[in-house]
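Take a look at the structure set out below.
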Amino acid sequence: MLSFNASEATGAGGVGGDVATFAAMGAHGLPVVATLVMRDTAEVFGQHVVEADAVAEQARTVLEDIPISAWKVGILGSAENVSAVAAILSDYPATPLVAYMPSVGWMDEDEHAAYLDAYRELILPSAEVLVGNQKTLTDFLLPDWDGERPPSARELAVAAAEHGARHVLVTGIMLPARAQEGFVDNVLASSSGAICGEKFECFEASFIGAGETLSAALAALLASGAELPTAVSEALSFLDQSLD
């Protein structure tokens with residue numbers, strides 16, 4: 001499996017987190033570094049972006065002699081890197097892609113806007129599944145949303161489908177008190193509606209890297225040939241055990 005992602009020294013996310021998760025799922029990871037993110041366990045301080053040509057060369061070199069079964073795309077650092085990665089993905093249309101969209105609000109404002117525009121236009125058309133929490137995906141897919149409630153998983157899937165993504169896995173959906181207070185929902189959806197999901201009890205702890213772990217586990221399971229609903233269920237279970 002090949003991961004295009006950042007390198008960051010906590011090991012909770014980025015290529016370090018991806019490789020650890022891939023290994024736990026029985027897959028071998030090929031880490032391609034797109035940017036160096038400077039962070040600790042509390043916050044991100046900045047990044048040093050790898051040049052787009054170097055990102056492409058890392059991937060092209062290893063792809064010449066190692067066949068892959070799935071991709072994961074995480075933080076790419078710049079719009080130029082998004083374009084370079086998209087060009088590679090387009091050469092392998094049958095290989096499933098799991099795209100993870102974390103919050104990248106720590107980027108400079110102009111770079112942030114260009115990055116999100118490029119990601120929507122160039123990465124989403126190749127994505128089998130776009131993964132992210134409800135707020136981040138709302139900001140990314142429906143930035144002008146002004147409803148009294150957050151958009152549903154299906155509404156986010158419809159917005160993602162307009163850019164070519166086939167499914168979304170929306171995490172961190174808070175349930176109303178009358179339903180199951182103290183639980184969060186995680187829902188896989190397409191533009192036709194919700195497909196499956198699992199609820200987990202909230203707990204008093206802080207953590208980083210959950211979305212990276214979930215999306216890497218999902219990509220590894222798809223690489224092994226699992227059907228998407230089964231892969232989502234197993235990946236969510238893996239994440240729950242990891243957080244425990």
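Can you tell me the dipole magnitude for the chain around its Cα centre, using point charges on the Cβ only (Lys, Arg +1; Asp, Glu -1), in Debye to the nearest 20?
Computed about the Cα centre, the dipole is about 640 debye.
Identify, among A157, T230, L124, the residue whose Cα sits farthest towards the positive end of the charge dipole of the chain, taking +1 on the Cβ of Lys and Arg and -1 on the Cβ of Asp and Glu, with the dipole about the Cα centre.
T230
Using Cα pairs closer than 8 Å and at least 6 residues apart in sequence, work out the relative contact order for the range 1-45, in percent.
Relative contact order of the range 1-45: 45 percent.
For D91 paired with L175, estimate the spin-label separation in nm (one decimal), with each label point 7 Å from Cα along the Cα-to-Cβ line.
It works out to 4.7 nm between the two label points.
Remind me, relative contact order of the range 149-206 in percent, using alpha carbon pairs under 8 angstrom and six or more residues apart?
Dividing the mean separation by the residue count of the range 149-206 yields 32 percent.
For the chain, report the accessible area per residue in Å² (1.4 Å probe, heavy atoms, rounded to an integer).
Heavy-atom SASA per residue in the chain reads 47 Å².
Taking a label point 7 Å from the Cα of I66 along the Cα→Cβ vector, which residues of the range 203-224 have an amide N closer than 18 Å to it?
Of the residues in the range 203-224, 216-217, 219-224 have backbone N under 18 Å from the label point off I66.
Using only DSSP helix segments of four residues or longer, with each worth -39500 (n - 2.57), what per-residue ellipticity at 222 nm results for the chain after dividing by its residue count and rounding to 500?
For the chain, the value works out to -11500 deg cm²/dmol.
Helix 109-118: angle to the longest alpha-carbon principal axis of the chain, degrees 0 to 90, nearest 10?
Approximately 90 degrees, to the nearest 10.
How far apart, in nm, are the 7 Å Cα→Cβ label points at E51 and K199?
Using points 7 Å along Cα→Cβ, the separation is 5.4 nm.
Which order, highest average first, do 154-161, 21-28, 85-92 follow once you tally other Cβ atoms within 10 Å for each residue and take the mean per peptide?
Descending mean neighbour count gives 154-161, 21-28, 85-92.
On a 0 to 90° scale, report how tilted helix 210-223 is relative to the longest principal axis of the chain, with both axes built from alpha carbons and the result rounded to the nearest 10.
70 degrees
Nearest 10 degrees, 0 to 90: what angle lies between the long axis of helix 52-63 and the longest principal axis of the chain (Cα atoms)?
90 degrees
Nearest 0.05, what FRET efficiency do F183 and A9 give at R0 = 25 Å with Cβ-Cβ as r?
Calculated value: 0.15.
Using a ≥ b ≥ c from the Cα gyration tensor of the range 127-244 (square roots of the eigenvalues), is it rounded, prolate or oblate, where a/c under 1.5 gives rounded and otherwise the larger of a/b and b/c decides, a/b for prolate?
Taking the square roots of the gyration eigenvalues as a ≥ b ≥ c, the range 127-244 is oblate.
Take the Cα gyration tensor of the range 66-143, multiply each eigenvalue by 5, square-root it, and list the three semi-axes largest first, rounded to whole angstrom.
In descending order, the three semi-axes are 22, 14, 10 Å.
Over the chain, what percent of the accessible surface lies on carbon and sulfur atoms, probe 1.4 Å?
Solvent-exposed carbon and sulfur of the chain make up 50 percent of the total.
For the range 17-117, calculate the relative contact order in percent as a whole number, restricting contacts to Cα pairs under 8 Å that are 6 or more residues apart.
24 percent
The values are calculated or read from the model by the stated rules, or taken from the named source; none is laboratory data. Note that the structure is predicted; figures quoted are calculated from it, not measured. All Cβ positions, glycine included, derive from the backbone under ideal geometry; neighbour counts span all protein chains shown. Note: accessible area is taken over every heavy atom of the protein model, side chains too, but ligands, DNA and RNA are not part of it. Shrake-Rupley method; radii C 1.70, N 1.55, O 1.52, S 1.80 Å.
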